[in-house]
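Enquirer: For reference, the structure I am asking about is given below.
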Amino acid sequence: MVLEKLPKRNTGAVVKEVNEFVFDDAAIVACLLRQWSVSAAMIGTAVGDDVRGHALAKQLKNWGVQGTVRFTEEYKTPIEVNVSDKNGARTYFWQRTAQMLNTLDTADLSLVSGSKILYADWYDGDHILRAMDEAKQHGVPVFVNLEHGHRKAEILKKFAQRATICQAVTDAAQIGGKQALLGTARKLLKSGIQTAIITLAKGGCLVAHGEEIVRVFAPSVKAVDACGAGATFSAGFIYGHLKGWDLESCARFATAAATLKVTRAGLQMFPVTHIMELAASLKVERWRFRNNRFEIMERIFSIPKQVARQGKSAQERLLREIHFPRERKNDEFQHPHVRPKRKII
């Protein structure tokens, strides 16, 4: 639901746009991947044996999301209402009962063994541990969206030992400066997580794997609806991971996908080519984590294609003029190694 602005207490507001889609984040990730022609399945809670529940099952089928939707007469299909204002900020109201979450404990996990990656949300609590353990047993990497759950040591420890890739935010409101970003990144890396992702909403993200760290900055856009932006980032990163892309390419694509998501309401995603075009234009920094400190190794600024072509043509013309060969198979000397400039932060 998109509003011009949230109303004051005991008043109302005009609704500008309404979109209905399947929630929570795992469902969003599955639906987005299907839009990018990636095979996806979902293992979810039972839904009510009612009109809303059957409509949900039909929607998943239409999207091409695999998995069996279970129905129950013990409760009605829950709903979540998200309200976005003109700045893209969201306020949400959701129904999450223990009775509903308990149905995850009896879900069929047979889809896990043949999967290439498992996505799970930490806010489903211990109910997702069974699926994570099943994935680990079959050698399936696990992507867990930890959000701000890392702030509690027991939660971080519980999920870190089961997760391959972990996405987190600095705090519950998804805001914070450089120190909050660095503190969260340091905590995740030291917990033993293989690939740590920290998102900063309009600030972009930081992604770390081993000593390789990439900081991607999000471009400024007119935000319409931020609902689902974090899940879109997850889907984007998973898309790149499944394609075998390197860390920077995954981070660029995920940031671009999330950026485009907030420019319109609903789950209708932009095509891959459109996302890749924006991804190629993003500002990137390469960092390194060593001795419990972060070092900025290199800053990369995007170069427009026309400028790049002109630069290449000029280089080739110069090489022709001085008759210098492009390649030398047997160099008579080696260039000395030049250490990159570093900035410790």
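Nothing in this text is a laboratory measurement; each read-out follows from the coordinates by a stated rule. Predicted, not measured: the structure shown is a model, and the values here were computed from it. As a convention, Cβ positions derive from the backbone with ideal geometry for all residues, glycine included, and neighbour counts pool all protein chains shown.
Enquirer: Would you work out if region 209-286 is rounded, prolate or oblate? Take a ≥ b ≥ c from the square roots of the eigenvalues of the alpha-carbon gyration tensor; rounded if a/c is under 1.5, else prolate when a/b is larger than b/c, oblate otherwise. Kindly include the intermediate steps, with their values, before the conclusion.
Expert: Details: a/c = 1.88, a/b = 1.55, b/c = 1.22.
Prolate.
Enquirer: Rounded, prolate or oblate: pick one for region 1-89, where a ≥ b ≥ c are the square roots of the eigenvalues of its C-alpha gyration tensor, a/c under 1.5 means rounded, and failing that, prolate if a/b is larger than b/c, else oblate.
Expert: Numbers: a/c = 2.99, a/b = 1.56, b/c = 1.91.
Judged from the Cα gyration tensor, region 1-89 comes out oblate (a/c at least 1.5, b/c at or above a/b).
Enquirer: Follow-up question, since we're still on this one. First check a/c for region 123-193, with a ≥ b ≥ c the square roots of the eigenvalues of its C-alpha gyration tensor; if it is under 1.5, answer rounded, and if not, answer prolate when a/b is larger than b/c or oblate otherwise.
Expert: On the way: a/c = 2.44, a/b = 1.86, b/c = 1.31.
Prolate.
Enquirer: Could the peptides 215-227, 188-200 be put in order, highest first, of the mean number of other beta-carbon atoms found within 10 Å of their residues?
Expert: Numbers: 215-227: 19.1, 188-200: 21.2.
Ranked by mean Cβ neighbours within 10 Å, highest first: 188-200, 215-227.
Enquirer: Show me, for region 76-81, the HN-Hα J-couplings you get by feeding each phi into the Karplus relation (A = 6.51, B = -1.76, C = 1.60, θ = phi - 60°), rounded to Hz, glycine and proline as x.
Expert: With the stated coefficients, region 76-81 comes to 7, 4, x, 10, 10, 10 Hz.
Enquirer: Which of Y119, Y92 has the fewest other C-beta atoms within 10 Å, and how do the rest follow up to the most?
Expert: Working: Y119 25, Y92 11.
So the ranking, lowest neighbour count to highest, is Y92, Y119.
Enquirer: Using modelled amide H (1.01 Å from N, peptide plane; none on Pro or chain starts), what sits under 5 Å from the amide H of I213, excluding residues fewer than 5 places away?
Expert: Here W287 satisfy the definition.
Enquirer: Quick one: of K187/K261; K116/K283; K76/K157; K178/K202; K61/K202, which pairs are farther than 23 Å apart, Cα to Cα?
Expert: Beyond 23 Å: K187/K261; K116/K283; K76/K157; K61/K202.
Enquirer: Taking H as built 1.01 Å from N, whose amide H comes closer than 5 Å to the amide H of A41, not counting residues under 5 places away?
Expert: The list, which skips near neighbours in sequence, is Q66.
Enquirer: Give the separation of the Cα centroids, region 11-32 to region 64-83, in Å.
Expert: Cα centroid to Cα centroid, the span is 14 Å.
Enquirer: With +1 on each Lys and Arg Cβ and -1 on each Asp and Glu Cβ, and nothing else charged, work out how big the dipole of region 64-207 is about its Cα centre, in Debye to the nearest 20.
Expert: Values: 18 positive and 14 negative charges, 154 e Å.
So the magnitude is around 740 debye.
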